[in-house]
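See below for the structure under consideration.
The values are calculated or read from the model by the stated rules, or taken from the named source; none is laboratory data. Source: prediction; values computed, not measured. Because the Cβ atoms are built from the backbone with ideal geometry, glycine has one as well, and the counts that use them run over all protein chains shown. To get the accessible areas, we keep the full protein, side chains included, count just its heavy atoms, and leave off ligands, DNA and RNA. Shrake-Rupley method; radii C 1.70, N 1.55, O 1.52, S 1.80 Å.
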Amino acid sequence: KRVIDGDTIELANGQIVRFVGVNAPNSGEPLEEEATQANQSLVQGKTITLEYDTYTSDRFGRVLAYPFVEGKNVVVELVRQGMVKVTIYEDRRKLRYQDELIKAQEEAKLKKRGLWSKK
């Protein structure tokens, strides 16, 4: 239905989906608009398949999932573009795509993409 921000979407059925393992810039933070636009370019108007990890919702009632479009993990792609940061909580079990997410973030840092362009 719509992209809310760089790491959250609303499905056609009204369900809010927050992406697992990442955090996008919040309102007013640098690259917030770019992260939202990157998410839009990957998912807007496309058929999305959701894949779940060990936990499926958060304390705000949002569904936690990895969206896939045409077989591509949108979360990994946003990390690779430097639009979102990998966020891993030590008290949780290892994320299904944790290794891929970390590798994509290292690539973004190395190539100074997005959030890493000024560091």
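Counting Lys and Arg as +1 and Asp and Glu as -1, what is the net charge of the other residues whose Cβ lies under 12 Å from the Cβ of residue 18?
Net charge around residue 18: -3.
Would you mind working out the accessible area per residue for the chain, using a 1.4 Å probe, and quoting it in Å²?
Value returned for the chain: 59 Å² of accessible area per residue.
Region 80-116 to region 1-76: how many Å between their Cα centroids?
Taking the Cα centre of region 1-76 as reference, the centre of region 80-116 is 15 Å away.
Taking GluC sites (Glu not before Pro) as exposed when DSSP calls them loop (any state but H, G, I, E, B) and at most 11 other Cβ atoms lie within 10 Å, what is the longest stretch of the chain free of them, the sites themselves excluded?
1-69
Please tell me which of these pairs span more than 29 angstrom C-alpha to C-alpha: 46/85; 1/72; 1/109; 72/112; 1/112?
Those over the limit are 1/109; 1/112.
Pick from 69, 43, 84: which residue has the top mean-square fluctuation in a GNM of the chain where Cα pairs under 10 Å get a spring?
Among 69, 43, 84, the largest mean-square fluctuation in the Gaussian network model of the chain belongs to 69.
Only residues of region 47-79 count here: report those whose backbone N is under 20 Å from the spot 7 Å along Cα→Cβ of residue 41, or say none.
Correct set: 47-48, 67-79.
Taking the Cα centre of the chain as origin and charging only Cβ (+1 Lys, Arg; -1 Asp, Glu), how large is the dipole, in debye to the nearest 20?
Magnitude of the dipole: close to 200 debye.
Considering only protein heavy atoms and a 1.4 Å probe, what is the carbon-and-sulfur percentage of the accessible area of the chain?
It is 46 percent, rounded to a whole number.
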